[in-house]
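Beneath this line is the structure, given in structure tokens, with notes to follow.
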Amino acid sequence: PQETRRSDRPIGLGTGIVLWLTSVTSTAVTAGTPGEISGPAVVVKLSVTNNSTAPIDLSSAVVNLSAADGEYGVGTTAGGPQPLDGTLAPGEESSGSYVFMLDPAQGRDVIISVNYGAGEPLAVFTGKSS
């Protein structure tokens, strides 16, 4: 199953997991290592709360971004992303950030999908990069 909300609203999944975007901002990143490129990008920051009774593994979380016109944001290690990781105990909260190359980045209508684990529900947020 999939839940879709505007980026300013949290998504509570039937599994007891609540996801929300804390910010979606445009920036310019500078390549620092081989394979990276410089240019306009969107930084997505999100939080996850575990309201279930079991720990969840966030190490396989997948976050994707595309523009509403169909152009895909390309994930990059430039710009210092800090992906979700580790095990999240019941009642705990964790946050992460992801950087996607997208040209232009500012003011774009974007669609962000978050899957915190294989086989788990997909959360889809819609909004605009600022």
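Before moving on, here are some points about what is shown:
- Across region 97-120, the qualifying residues are those that are open to solvent by 20 Å² or more (accessible area, probe 1.4 Å) and touching a residue at least 60 places away in the same chain (Cβ under 8 Å), and the one among them that is farthest from residue 74 (Cα to Cα) is 120.
- Counted residues, region 68-110 - those being under 19 Å from residue 16 (Cα atoms) and of a type in the set (Asp, Glu): 3
- Considering 74, 29, the condition of being at pLDDT 95 or above and more than 15 Å from the chain's Cα centre (by Cα) is satisfied by 29 alone.
- Selection over region 77-114 of residues that are acidic (Asp, Glu), in a loop (DSSP other than H, G, I, E, B) and more than 18 Å from residue 50 (Cα to Cα) gives a count of 1.
- Restricting attention to region 1-57, the residues being within 18 Å of residue 67 (Cα to Cα) and of a type in the set (Gly, Ala, Ser) number 6.
- Members of region 8-26 found to be under 16 Å from the mean Cα position of the chain (by Cα) and either farther than 25 Å from residue 116 by Cα or open to solvent by 30 Å² or more (accessible area, probe 1.4 Å) (or both), listed by number: 8, 9, 10, 12, 18, 20, 22, 23, 25, 26
The values are calculated or read from the model by the stated rules, or taken from the named source; none is laboratory data. Predicted, not measured: the structure shown is a model, and the values here were computed from it. Positions of Cβ are generated from backbone atoms using ideal geometry, with glycine treated the same way; all protein chains shown enter the neighbour counts. Keep in mind that these areas ignore ligands, DNA and RNA; they rest on the heavy atoms of the full protein, side chains included. Shrake-Rupley method; radii C 1.70, N 1.55, O 1.52, S 1.80 Å.
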